[in-house]
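Student: The following block contains the structure, expressed as structure tokens.
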Amino acid sequence: MDPTNTLPPDSVPLDAVPVADPSFFDGLVLFLQSVAGWIATAFDGQVELLGKYGWRLLAGLGTTLEMVGISLAIGGLLAIPVALARLSRIGPIRALAVSYIFFFRGTPLLAQIFLIYYGSGQFRPFFESAGLWPIFREAYWCTLIAFSLNTAAYTGEILRGGIEAIPPGEIEAARALGMSRWLMLRRVILPGAYRIALPAYGNEIILMIKGSAIAMVVTILDLMGQTKLIYARSFSFEIYLYAAAIYLMVTFILTRAWARLEAWMNPQRRPPRAA
Amino acid sequence: MDPVAAAPLSAGFGDIVGWLLAAVIALVHGIVLLAGALWWLLGLLFWPVGQVLGFAVDILGAVFGWIGTVIYDVIADVAPGATFYIDLISFGKGGWGDDLWVGLQLTLKLAVVSLSIGLSIGLLGAGAKLAPSRALNFIGNAYTTLIRGLPELLTLMLIYYGLLFGLQGLLSTGFLPMVCDGAGLADKLALIGLGEDTARICVSTTVEIDGFTAGVVALSLVFGAFSTEVLRGAILAVPKGQLEAARAIGMSRRLTIRRILLPQVWRYALPGLGNLWLIMIKDTSLVSVIALDELMRKTSIAVGVTKQPFFFYGMACLVYLAITGVSMIATTRIERWASRGVRRI
């Protein structure tokens with residue numbers, strides 16, 4: 001049957017199923033040509049976009065890394081007392097640590113930032129009289145405080161897990177040697193706990209880098225904030241893809257570096273060297 | 001002119017594309033129909049439950065309402081200043097309780113829908129990662145690496161703007177009408193009885209992606225990626241000897257999966273999945289950024305009107321804490337139930 005024939009309106013004839021003929025290849029070539037042309041134009045557009053806004057992305061990455069770095073440092077320091085308080089034998093201290101951890105792990109980071117940044121405005125006279133208003137006025141500092149407190153809670157739990165995983169024999173041995181509590185903490189417990197907690201802490205760093213993206217919501221120009229700004233100016237959706245690539249790269253590098261660090265900190269796991 | 005009578009049936013490139021598109025559209029219709037039928041059936045099945053629950057809620061509401069007014073009066077006597085804040089979260093006029101409640105419902109809906117879709121994706125992903133096919137392994141790995149490496153907020157933005165402007169861009173360039181014409185889509189849709197779709201797909205000039213859809217897609221993808229890893233670990237945690245034993249006594253592959261593997265995978269995966277659920281509850285707050293009126297955004301609206309940021313964001317935090325707290329209790333219960341036959345040391 002002639003394929004250009006008309007159809008009876010009520011049924012689908014079997015030979016309506018297409019069969020390749022020469023016009024198929026003409027159509028394919030035309031299609032591929034238009035795709036190639038589109039790619040060429042798009043490529044020029046991308047070069048222009050990155051030339052114009054690339055530095056903003058890099059500046060944003062800098063801000064992200066800076067904020068994450070500072071809050072990880074503060075949070076890491078705070079995590080030690082949090083973990084110790086969580087393991088304390090004194091009830092009220094333990095309850096305090098538990099509720100701190102429960103609050104910061106049980107609420108969204110976004111809500112914590114809002115609570116600190118906007119919430120502090122409600123107590124402005126108090127902060128002004130305490131001389132703290134210049135800190136709580138700035139979105140940057142408020143976000144940093146929220147990040148630090150948040151990561152301190154998570155890191156505290158990780159550290160607690162590490163401390164609890166230390167073989168009791170090591171602690172007994174330290175006691176038998178007559179180490180003081182502080183010395184034992186510094187020489188035996190914390191070094192062992194850090195080593196055990198290392199993989200989990202690597203995850204926490206990655207979570208923190210990813211979580212830091214919501215700083216954008218309070219107008220901070222981190223990588224995500226810059227991306228949104230560029231998008232608002234250029235209306236180029238692709239900028240989100242570039243931001244995604246940068247985030248992926250950062251997490252990838254960090255995972256690799258962390259694997260190296262773990263290997264370096266755990267020499268006992270290395271295969272024995274050939275004599 | 002009858003569009004069907006004019007259908008060109010030359011088997012060119014355009015026609016193949018056209019038939020493919022028509023098939024995809026028909027498939028989407030099928031899925032939507034099926035989902036609708038399921039939803040209807042569920043509604044029918046649970047209608048009595050809903051009635052009973054509704055009745056119980058009414059009674060409880062009345063009782064608690066009465067207790068509430070008594071307590072309120074006492075507080076008004078003791079500390080008149082405190083009633084200002086209670087009024088703020090009341091359900092009545094001038095109170096924001098009902099708004100927050102609506103937001104909370106949306107938050108929970110978002111989380112539950114994303115959980116079910118995400119779990120299905122996770123099962124598929126774990127299957128793909130453990131399949132003996134290299135191509136499937138690659139797809140699984142690429143998916144989890146990509147999604148787990150991206151900030152959830154960025155995933156959400158990519159999905160939201162990607163869907164929105166991807167579709168809008170297609171429409172504004174006249175690309176879609178061109179494709180429709182070139183592929184003779186109108187005729188083909190008319191042939192398979194979906195003629196009404198032509199106007200919607202080929203002629204329309206605006207698209208709307210609502211925040212809920214984008215949120216569900218993004219959260220499901222995120223949950224799917226992380227649960228892929230959890231489920232993969234759980235599948236690998238089932239002792240190999242058991243599977244070998246099942247094979248030795250002549251169980252079929254399917255039976256082994258159903259009787260030996262899945263019941264234990266479920267148990268091994270529960271703690272991890274519980275954690276992911278908590279993370280997802282918290283991630284739903286990100287959807288407020290794309291203007292979906294869930295709990296966080298309702299709270300922000302309340303703050304904008306009342307100028308009580310600390311109070312309202314604190315309330316929102318308490319609500320999230322309540323959800324996570326209840327979820328934690330529930331997951332430990334479920335875990336205990338799931339491992340009831342396991343010897344404890």
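The values are calculated or read from the model by the stated rules, or taken from the named source; none is laboratory data. Everything quoted here is computed from the prediction, not taken from an experiment. Cβ coordinates were reconstructed from backbone atoms using ideal geometry, including for glycine residues, and neighbour counts include every protein chain displayed. These accessible areas exclude ligands, DNA and RNA; they are computed on the full protein's heavy atoms, side chains included. Shrake-Rupley method; radii C 1.70, N 1.55, O 1.52, S 1.80 Å.
Student: Check segment B:248-256 and report whether any residue there is at pLDDT below 90 and either aliphatic (A, V, I, L, M) or under 26 Å from the mean Cα position of the chain (by Cα) (or both).
Tutor: Looking through segment B:248-256, none of the residues is at pLDDT below 90 and either aliphatic (A, V, I, L, M) or under 26 Å from the mean Cα position of the chain (by Cα) (or both).
Student: Return a yes/no flag: does segment A:106-126 have any residue that is of a type outside the set (K, R), more than 14 Å from every other protein chain (Cβ to nearest Cβ), more than 30 Å from B:G169 (Cα to Cα) and in contact with a helix residue (DSSP H, G or I) (Cβ under 6 Å, 6 or more places away or on another chain).
Tutor: There is no residue in segment A:106-126 that is of a type outside the set (K, R), more than 14 Å from every other protein chain (Cβ to nearest Cβ), more than 30 Å from B:G169 (Cα to Cα) and in contact with a helix residue (DSSP H, G or I) (Cβ under 6 Å, 6 or more places away or on another chain).
Student: If you go through segment A:132-149 one residue at a time, do you hit one that is modelled with pLDDT of 90 or more and not in a helix (DSSP H, G or I)? Walk me through how you get there before you give the answer.
Tutor: Of all residues in segment A:132-149, those modelled with pLDDT of 90 or more come to A:140-149.
From the residues that got through so far, the ones that are not in a helix (DSSP H, G or I) too are none.
Checked against the condition, which is being modelled with pLDDT of 90 or more and not in a helix (DSSP H, G or I), segment A:132-149 yields no hits at all.
Student: Something else about it: Being more than 9 Å from chain A (Cβ to nearest Cβ) and over 16 Å from B:G14 (Cβ atoms) narrows it down to one residue among B:L146, B:L189, B:L167; which is it?
Tutor: Result of the check over B:L146, B:L189, B:L167: B:L167.
Student: For segment A:85-105, enumerate the residues that are away from every other protein chain (no Cβ under 13 Å) and of a type in the set (A, V, I, L, M).
Tutor: Of segment A:85-105, the ones away from every other protein chain (no Cβ under 13 Å) are A:85-97.
Residues satisfying the conditions are A:A85, A:L87, A:I90, A:I93, A:A95, A:L96, A:A97.
Student: Which one of these does B:L278 not meet: (1) of a type in the set (A, V, I, L, M, F, W, C); (2) closer than 19 Å to B:L115 by Cα; (3) more than 9 Å from every other protein chain (Cβ to nearest Cβ)?
Tutor: All conditions are met except number (3).
Student: Hey, among the residues in segment B:70-92 that are over 22 Å from B:Y313 (Cβ atoms) and of a type in the set (A, V, I, L, M), which one's most open to solvent (accessible area, probe 1.4 Å)?
Tutor: Applying the filter and picking the extreme gives B:V78.
Student: Need the failing condition index for B:A126 against (1) in contact with a Ser or Thr (Cβ under 6 Å, 6 or more places away or on another chain); (2) within 27 Å of B:F312 (Cα to Cα), just the number.
Tutor: The single condition B:A126 does not satisfy is (2).
Student: Between A:I220, A:I206, A:I230, A:I246, which is open to solvent by less than 20 Å² (accessible area, probe 1.4 Å) and part of a helix (DSSP H, G or I)? Walk me through it before giving the result.
Tutor: Details: A:I220 fails: part of a helix (DSSP H, G or I); A:I206 fails: open to solvent by less than 20 Å² (accessible area, probe 1.4 Å); A:I246 fails: open to solvent by less than 20 Å² (accessible area, probe 1.4 Å).
Checking each option against the conditions leaves just A:I230.
Student: I'd like to verify a number: residues in segment A:207-263 that are more than 9 Å from chain B (Cβ to nearest Cβ) and of a type in the set (G, A, S), how many?
Tutor: Residues meeting the conditions: 9.
Student: Follow-up. Only one of these is more than 14 Å from chain B (Cβ to nearest Cβ), in a helix (DSSP H, G or I), over 26 Å from A:Q112 (Cβ atoms) and out of contact with any Leu (no Cβ under 8 Å at 6 or more places or on another chain): A:G192, A:G162. Name it.
Tutor: None of the other options fit; the residue is A:G192.
Condition check ((1) under 16 Å from B:G215 (Cα atoms); (2) in contact with a Phe, Trp or Tyr (Cβ under 8 Å, 6 or more places away or on another chain); (3) not in a helix (DSSP H, G or I)) across all residues:
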residue	(1), (2), (3)
B:L270	no, no, no
B:K282	yes, yes, no
B:R297	yes, no, no
B:F310	no, yes, no
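Student: For segment B:236-253, give me each residue that is under 26 Å from B:T144 (Cβ atoms) and out of contact with any Phe, Trp or Tyr (no Cβ under 8 Å at 6 or more places or on another chain).
Tutor: So the first thing to find is which residues in segment B:236-253 are under 26 Å from B:T144 (Cβ atoms), and the list is B:236-240, B:243, B:253.
Within segment B:236-253, B:L236, B:P239, B:K240, B:L243, B:R253 meet the criteria.
Conditions (1) of a type in the set (D, E); (2) in contact (Cβ under 8 Å) with a residue 12 or more places away in the chain, marked per residue:
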{"position": "A:P191", "(1), (2)": "no, no"}
{"position": "A:L229", "(1), (2)": "no, yes"}
{"position": "A:E238", "(1), (2)": "yes, yes"}
{"position": "A:Y242", "(1), (2)": "no, yes"}
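Student: Right, next: Kindly indicate which of B:G18, B:G36, B:G30 is over 28 Å from B:V287 (Cβ atoms) and either without any contact (Cβ under 8 Å) to a residue 12 or more places away in the chain or outside any helix (DSSP H, G or I) (or both).
Tutor: Being over 28 Å from B:V287 (Cβ atoms) and either without any contact (Cβ under 8 Å) to a residue 12 or more places away in the chain or outside any helix (DSSP H, G or I) (or both) holds for just one of B:G18, B:G36, B:G30, which is B:G30.
Student: Sticking with this structure for a sec: Do you know which of the residues in segment A:85-122 that are open to solvent by 80 Å² or more (accessible area, probe 1.4 Å) and outside any loop (DSSP other than H, G, I, E, B) is farthest from A:R181 (Cα to Cα)?
Tutor: Among residues in segment A:85-122 that are open to solvent by 80 Å² or more (accessible area, probe 1.4 Å) and outside any loop (DSSP other than H, G, I, E, B), the one farthest from A:R181 (Cα to Cα) is A:R105.
Student: Looking at segment B:1-27 only, could you name the residues that are modelled with pLDDT of 75 or more, surrounded by fewer than 21 Cβ atoms within 10 Å (Cβ to Cβ) and more than 7 Å from chain A (Cβ to nearest Cβ)?
Tutor: Selection gives B:V17, B:L20, B:L21, B:A23, B:V24, B:I25, B:A26, B:L27.
Student: List, please: which pairs have Cβ atoms under 8 Å, are six or more places apart or on different chains, and start with a residue in segment B:110-126 that is more than 18 Å from B:L146 (Cβ to Cβ) and part of a helix (DSSP H, G or I) and end with one that is at pLDDT below 90 and not hydrophobic (A, V, I, L, M, F, W, C)?
Tutor: B:L110/B:E294
Student: Looking only at segment B:187-229, how many residues end up being open to solvent by less than 40 Å² (accessible area, probe 1.4 Å), aliphatic (A, V, I, L, M) and in a helix (DSSP H, G or I)?
Tutor: 9
Student: Pull up segment A:56-84, narrow it to residues that are among the aliphatic types (A, V, I, L, M) and loosely packed, with under 15 Cβ neighbours inside 10 Å, then point me to the one that is farthest from the other protein chains (Cβ to nearest Cβ).
Tutor: Looking at the filtered set, the residue picked out is A:L77.
Student: Moving on. I'd like the residue in segment B:106-138 that is hydroxyl-bearing (S, T, Y) and modelled with pLDDT of 90 or more and, out of all such residues, is farthest from B:D293 (Cα to Cα).
Tutor: Among residues in segment B:106-138 that are hydroxyl-bearing (S, T, Y) and modelled with pLDDT of 90 or more, the one farthest from B:D293 (Cα to Cα) is B:S120.
Student: Test each condition in (1) surrounded by 14 or more Cβ atoms within 10 Å (Cβ to Cβ); (2) within 11 Å of another protein chain (Cβ to nearest Cβ) for B:A322 and report the one that comes out false.
Tutor: Result: B:A322 passes all but (1).
Student: Here are A:E157, A:E172, A:E164: which of them is open to solvent by 30 Å² or more (accessible area, probe 1.4 Å), in contact with a helix residue (DSSP H, G or I) (Cβ under 8 Å, 6 or more places away or on another chain) and not hydrophobic (A, V, I, L, M, F, W, C)?
Tutor: A:E157 is the lone residue from the list that is open to solvent by 30 Å² or more (accessible area, probe 1.4 Å), in contact with a helix residue (DSSP H, G or I) (Cβ under 8 Å, 6 or more places away or on another chain) and not hydrophobic (A, V, I, L, M, F, W, C).
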